[in-house]
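Engineer: Okay, here's the structure, questions in a sec.
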Amino acid sequence: MKVLNLDKQSQIVYQQIIDYENKKSQALIDLQSLQSALNNVNNKLSNPALDKYLGAETAADNQAVIALRSKVQAANEDYIDGGFKPTAKKKVDSLQQLLTSQLLRANDQYVADPIVAKQTLVQNRISIGIELEKTRGSIQDIDRELAKLNAKFSGMVPFDAGVQKFERDADVATKEYLDLLNRYNQTNLDKNIGLRLHLEQEGVPTAAEPSKKLIFMALSAIASFAICFCVLFIIHVLDHSINNKKQLAIATKGKVIGELNYIKPWHRDIDEIWKNAEHNPEMLTYKNLLREVRFEISKSLAVGNQKVLGLTRLHPEKFTIFSAVSLAYSFARLDKQILLIGNSEIAEEIKKWNIPTNQSLKTVLDTLTLQKNNLITFLNKDLEGVSLLENKDNAGITQIFNSLKNEFDLIIVYLDAVNGVSDVKEWILFTEKYLATFMAGNALGDKDKEAIRALNSDHKFMGWLINGVKRK
């Protein structure tokens, strides 16, 4: 074969095909342009509206000049033959004037020679026709060259595939040969410089030694126990989460008034828990623990006949909402009139008991009117972006809370988290006692420890309530 590089040659042929295709496209554009120009010239030559510019009206003017010249000649002959009569002379002069006027009009009308314009168009038509034929011929030549190049390129495709197959086979064969050669060289190297064993002493069969299976099993059991113990010890050391009442008391160095066990989200309906607790151990435990918390709160509020209880928390967890609603319900079970001041989330919870939630604390502060409900009355604490003291001064708010204390046996105020950015300190001013909830399983951070120190130093702070305890 004379092909040195089939891949490169196929690229060259393909590039030539692209070049000829571009030439053909340009030739077709030129062909259309020439054909359009030829049609334009033909239209100008055959358009009756343009005849006056191409000499079509010169024939009539020429005939009029010829007729006038004939009349002038005939009048001159009559004038000579008639003996030069004055009347004949006037006729000759009149006809001569008409001829002169006709010649002047023709000269003014045709400034440029129309014959020349028409001849130019005819020459343009001939030139365009020649260029058109040359362009058509070049397109035919390009088509022939493209056919040759396409045939040549199509013939290269199977050869190119064959060459690539041979190259792949050659690569595979080369890799196999090199692999076998490496194995052969490695075998010779191991054979020549490998370790040679010599028998120093012939072994004599003796009695079998006792099995050490029990020893190995005991050692593995001891090792497994040690590993498990170390893992559990490390987990215990690194785990700082608080999971029960005792751990919370140690971590906060404060009083823990009670705990509430964990209730699954789909069971968090205090009315159902209170009525059907005997059928579910978790619900029964929650009910009894809630009664203990109610007792501790009642005992703390009994000192000084206090009625305004605040309920805050360290972190904004959802379980605190259920705790606040549960406390209000448990006190209502004692036939006490309860005023619950909370947010929209509290409102969603107590809607299950058909309690109206359309009253707001802002209305009470503005109008001093409140529609009292049976046992539990709800007020929305949303003040529309205005803080409590911005709404009314200290004395005015204190007076309103005193009037509410006369109407209700207990006022529960659901407060924001103490370590968040809020006006919780303003609300604490108007509570007589308040407690804080903590969700079991959480750990205390540096910010939480600062908040705990501030709570323990406040004489109004009643203690802690831990929620979500998973009892065994």
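The values are calculated or read from the model by the stated rules, or taken from the named source; none is laboratory data. No experiment lies behind these values; they were computed from the predicted model shown. Cβ: placed from backbone, ideal geometry, glycine included. Neighbour counts: every protein chain shown. The area values use the complete protein model at the heavy-atom level, side chains included, leaving out ligands, DNA and RNA. Shrake-Rupley method; radii C 1.70, N 1.55, O 1.52, S 1.80 Å.
Engineer: Which of the residues belonging to the range 432-472 are touching a residue at least 60 places away in the same chain (Cβ under 8 Å), farther than 23 Å from Val325 by Cβ and open to solvent by 60 Å² or more (accessible area, probe 1.4 Å)?
Structural biologist: Asn456
Engineer: Among the numbered criteria (1) surrounded by 17 or more Cβ atoms within 10 Å (Cβ to Cβ); (2) more than 13 Å from Leu435 (Cβ to Cβ), which one does Ile250 miss?
Structural biologist: Just one mismatch for Ile250, condition (1).
Engineer: Go through the residues of the range 60-71 one by one and say whether even a single one is of a type in the set (Gly, Ala, Ser), assigned to a helix (DSSP H, G or I), open to solvent by 60 Å² or more (accessible area, probe 1.4 Å) and modelled with pLDDT of 70 or more.
Structural biologist: yes
Engineer: Output the number of residues of the range 406-431 satisfying the condition of being among the aliphatic types (A, V, I, L, M), surrounded by fewer than 21 Cβ atoms within 10 Å (Cβ to Cβ) and under 45 Å from the mean Cα position of the chain (by Cα).
Structural biologist: 4
Engineer: Name the one entry in Ile346, Ile321, Ile341, Ile297 that is open to solvent by less than 40 Å² (accessible area, probe 1.4 Å), of a type in the set (Val, Ile, Thr), at pLDDT below 90 and within 29 Å of Ala451 (Cα to Cα).
Structural biologist: Ile321
Engineer: Let me spell it out: the conditions are (1) assigned to a helix (DSSP H, G or I); (2) free of Cβ contacts under 8 Å to residues at least 60 places away in the same chain; (3) surrounded by fewer than 16 Cβ atoms within 10 Å (Cβ to Cβ), and Met283 meets all of them except one. Which number is the exception?
Structural biologist: In the conditions (1) assigned to a helix (DSSP H, G or I); (2) free of Cβ contacts under 8 Å to residues at least 60 places away in the same chain; (3) surrounded by fewer than 16 Cβ atoms within 10 Å (Cβ to Cβ), Met283 misses (3) alone.
Engineer: Let me ask you something else. Mind listing whichever residues of the range 209-260 are β-branched (Val, Ile, Thr) and not in a helix (DSSP H, G or I)?
Structural biologist: Across the range 209-260, the qualifying residues are Ile242, Val256, Ile257.
Engineer: Within the range 356-372, how many residues are part of a loop (DSSP other than H, G, I, E, B), under 19 Å from Lys405 (Cβ atoms) and open to solvent by 50 Å² or more (accessible area, probe 1.4 Å)?
Structural biologist: Number satisfying all stated conditions: 5.
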